[in-house]
Structure formats: structure tokens, C-alpha cells
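Each remark here refers to the structure printed beneath this line.
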Ligand SMILES: Nc1ncnc2c1ncn2[C@@H]1O[C@H](COP(=O)(O)OP(=O)(O)OP(=O)(O)O)[C@@H](O)[C@H]1O
């Protein structure tokens, strides 16, 4: 599903690498937390997975593809097989909840009838049944994140990438979001989630990968958050 072979990334005009010699594998269906203090390289790791950035050294494989060898025109096709969720939700504010989710299907050319059927189903799945016609601004933060997850999941991606998905949410709402991501993971979707949320990591007891100054310093199954700020 994901393989990093001795991956380093140095941004242009920087001397210190953001990632240094990282090697790891993530298999199908795993749930992985990516932890580490601010600036340790978590977002860089996720950007490499999405081919938003390229490795300076080493090889990144996602869904069986060597991303260095993937031509630019094939990148959108690769990204369509991934779902992404961010701290700031990134919903389209002028579209309804239903339209936000439908949009993910429209861009891949799904027939309208299939979209009409699928959107309410996925909204039901994330606990937002009946809220299809609401505007994102009318929803709570937790509900907006559920819409974002519905949009990320509606294509049934093999891999879901979440960057601090609970970062803007209170602890109780965060637990609800984690239950949802756990359910999605149980459908077979691999989930990789960068987080600073100690409580969540300690509760879930999933694989934990820790970065420190760009190096992989811990890879623990059923791990805990572990490091101090
Ligand atoms: N576009 C960029 N250009 C130059 N340097 C960058 C760029 N993006 C990140 N960096 C640097 O790379 C290092 C790793 O940053 P990264 O954003 O991956 O860390 P992070 O663990 O995601 O941090 P946070 O938890 O604060 O989001 C930092 O030193 C950062 O300053």
C-alpha cells in the first residue's frame, strides 16, 4: 500500500532535510498514527504520499506505483484513489453538504443517477442523514469534519490520509470523529493520520510511527503517543 525506501526530502534553499532516510511499509487495511513534534516532518511525509512534493533521495511507492516514475498527467488519477481529510475541513462554503460530497463524484464522471443514490447513503454512514441541504456554515465543527470525511470516503478510496483531523475539535467531538475513522478503517481502507492528539493516540492503540527532526525514531504496533512536547 505504502513503501518508503531510504526517503529523504530537502526543500529548495534549505540545508536541513525535512525527512532523513525514512524506510517503512504500511500494509492494506492498517491504521497508522504519525506523531512527532512540530516541524518533525509529518506534513512532508503526507505531501510525498500525495505527490505534492517529490523525494530528494530514495523511493516512495503508493498503491504499487513508484511516485518518482509517475508522469504528471497521471497524478490526478492516482490521487482519486486516495481520500484526504484536513484540520480545516476545506469544504466549499457556497455549496450544500450534499453538493460538497457530490462534487467528489462529479469530477470522476459518475453518472448523475448514481450520485443521487450514493450521496445520501454516505451522509447516513457518517451520521449526517437528512442534512444534505444544509450549508457548511450552519454546521458545527464536528459535523463539518464529518462532511469532509464523507467526501473523502465516497469514492471508496483504498487509502485515507488525514492531517490533524481533530485539531480544531473539542475532545468529545474528536472521539466521535475517531470512531468514524475507525469504522472506515474496518471496511478495509488503510488510514494514515498525522496528529498531536495524545489522548486519541493513547485510546486507540494503533500502530504509531514517530518522527523526530525528519528521522523515523519509533514504529510501534498498538502504540501510545509517547513523546513530550
Ligand atoms: N515548503 C517548504 N519549504 C521549506 N521548508 C519547509 C517547507 N515545508 C516544510 N518545511 C520545513 O520542513 C521541516 C518539516 O516540516 P513539516 O511541515 O513536514 O513538519 P510537521 O511535523 O508537519 O509540523 P507541524 O506539526 O507543525 O505541522 C520543518 O523544518 C519545516 O520548516
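Points to keep in mind about this one:
- Global form of the stretch 92-156, assessed from the alpha-carbon gyration tensor, a/c cut-off 1.5: prolate
- Taking a ≥ b ≥ c as the square roots of the eigenvalues of the Cα gyration tensor, the stretch 1-83 is classed as oblate, since a/c reaches at least 1.5 and a/b does not exceed b/c.
- P(r) tail fraction, the stretch 47-179 - alpha-carbon pairs more than 21 Å apart, %: 45 percent
- Cβ-based exposure ranking for 106, 143, in which fewest neighbours within 10 Å come first: 106, 143
- Computed extension gain for residue 69 through residue 170, at 0.36 nm per residue and net of the alpha carbon distance, reaches 32.2 nm.
- Antiparallel bridge percentage (DSSP; both residues within the chain; nearest 5): 50 percent
- By the count of neighbouring beta-carbon atoms within 10 Å, fewest first, 11, 225 end up ordered 11, 225.
- Where N is the number of residues in the chain, Cα Rg divided by 2.2 N^0.38 Å: 1.01
- Burial ordering of 40, 221, fewest other beta-carbon atoms within 10 Å first: 221, 40
- Shape call, the stretch 146-228: gyration tensor on alpha carbons, a/c limit 1.5: prolate
- Gyration tensor over the Cα atoms of the stretch 40-124: the corresponding equivalent ellipsoid has semi-axes (square roots of 5 times the eigenvalues, largest first) of 30, 16, 10 Å.
Where a number appears in this text, it was derived from the coordinates with a stated rule and is not lab data. If you're wondering where the values come from, they're calculated on a predicted model, not measured in any experiment. A quick note on method: Cβ atoms are made from the backbone with ideal geometry, for glycine too, and the neighbour counts reach across all protein chains shown.
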